[in-house]
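Taking it in order: structure first as structure tokens, then the write-up.
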Amino acid sequence: MFLARTASQDLPKKLTGIANRSFKSLKIQGDSVDSSIPSSLTHGIHVFHCPDAVGIVAKLSECIASRGGNILGADVFVPEKKHVFYSRSEFIFDPAKWSRLQMEEDFLKLSTTFNAMKSVVRVPDQDPKYKIAVLVSKQEHCLVDLLHQWQDGRLPVDITSVISNHDRAPNTHVFRFLQRHGIPYHYVSSDGDYKSEVEMLNLVQGTDFLVLARYMQVLSGDFLKKYGKDIINIHHGLLPSFKGGSPSRQAFDAGVKLIGATSHFVTEELDAGPIIEQMVERVSHRDNLQSFVQKSENLEKQCLSKAIKSYCELRVLPYQENKTVVF
């Protein structure tokens, strides 16, 4: 369900009949969010996952409205034949009237009331940015794109370090960029032995999640368990048909007409974690190998970037065994 910017006191009218809903998901369009929001107000995001019950939407809106907040948008998903409820709400509020601590307490009470499996609130202007480490191998297109977006303020993260199993000389573009911006670069051998993973675990301490920007080394199940946080990966959409070296050349020679990229969470099963984002693009006989590869790399950059932003904006929730809800 989408409730676009409306005064909180009007919500009961908007929500009439929703408590007895029989839908799986619904969107109600309204005015878009614009720059007319008073500067004294701050933007907040809340995601909720709990057993389905009557009155959840009403209580969520009441929680926000009772503190003078105003819902800008709410997205609700209730899977068919599954007794679970998912929601993501965006709202504005006055920090002078609703402190960050009080907000946590209010949503905690709501979480307790509905036995929530997940309840997270984020205030981007007040909360620290997510700290990430980026892992990369020889190919740099995804890494360079992330670094430039970070430099321009378009990526809502702090990059604490770049770790690679490919050593780079000090005179390379990437090395100079990292040095100029004070981002540590660490070369860790790709032997895949225990010592290498211990070194990597030490390097990523204090991060909120990891990003594999075309990192071609498989992380062991032991590493995943010890790290214990989310890891986002990107790979081209030419799998499983074109494996091994030069998959783009293989696909080009085979006359592929549709290429893509997939961003997903990392699990012990190789390239089989829950999908966050996918993108596709058509290619044709008019493409040469260079334009074919360029289109494929552009998709990878766009797909990875969007997945990271969606994750930071609390748009991604786990769903069933190997699926995600992406609002």
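Things to note:
- Helices (runs of 4 or more DSSP H) wholly inside segment 89-180 containing at least 3 residues that are among the polar types (S, T, N, Q): 100-113
- Yes/no for L143 being surrounded by 19 or more Cβ atoms within 10 Å (Cβ to Cβ) and not polar (S, T, N, Q): yes
- Residue match in segment 183-201 (condition: touching a residue at least 12 places away in the same chain (Cβ under 8 Å) and over 22 Å from I231 (Cα atoms)): no
- Cross-chain or 6+ apart pairs with Cβ under 8 Å, segment 112-128 first and at positive phi, then among the hydrophobic types (A, V, I, L, M, F, W, C): N115/C50
- Of all residues in segment 59-92, those being within 20 Å of the chain's Cα centre (by Cα) and among the charged types (D, E, K, R) number 3.
- Assessment of segment 126-139 against the conditions (closer than 17 Å to G68 by Cβ and in contact with a strand residue (DSSP E or B) (Cβ under 6 Å, 6 or more places away or on another chain)) yields no matching residue.
- N171 being of a type in the set (S, T, N, Q), at pLDDT below 95 and farther than 24 Å from Q302 by Cβ: yes
Residue by residue, here is whether (1) farther than 20 Å from Y130 by Cβ; (2) of a type outside the set (S, T, Y) holds:
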| residue | (1), (2) |
| --- | --- |
| N165 | yes, yes |
| V174 | yes, yes |
| P184 | no, yes |
| S190 | yes, no |
| E197 | yes, yes |
| Q205 | no, yes |
| L210 | no, yes |
| M216 | yes, yes |
| G228 | no, yes |
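- Filtered residues of segment 71-116 (kept if in contact with a Pro (Cβ under 9 Å, 6 or more places away or on another chain), surrounded by 15 or more Cβ atoms within 10 Å (Cβ to Cβ) and closer than 21 Å to D52 by Cβ): V84, F85, Y86, F114, A116
- Restricted to segment 255-298, and to residues there that are open to solvent by 70 Å² or more (accessible area, probe 1.4 Å), free of Cβ contacts under 8 Å to residues at least 12 places away in the same chain and polar (S, T, N, Q), the residue that is nearest to V211 (Cα to Cα) is Q294.
- For L155, the criteria (1) free of Cβ contacts under 8 Å to residues at least 40 places away in the same chain; (2) closer than 19 Å to N298 by Cα hold in every case but one, which is (1).
- Of all residues in segment 216-238, those that are within 24 Å of Q302 (Cβ to Cβ) have Cβ atoms under 7 Å from Cβ atoms of residues that are among the basic types (K, R), 6 or more apart or on another chain, in I234/R214.
- Segment 225-245: number of residues that are open to solvent by 30 Å² or more (accessible area, probe 1.4 Å) and modelled with pLDDT of 85 or more: 5
The values are calculated or read from the model by the stated rules, or taken from the named source; none is laboratory data. Quick caveat, the model's predicted, so the values are computed rather than measured. Reconstructed Cβ throughout: ideal geometry from the backbone, glycine too, with neighbour counts over all protein chains shown. These area figures cover heavy atoms from the full protein model, side chains too; ligands, DNA and RNA do not enter into them. Shrake-Rupley method; radii C 1.70, N 1.55, O 1.52, S 1.80 Å.
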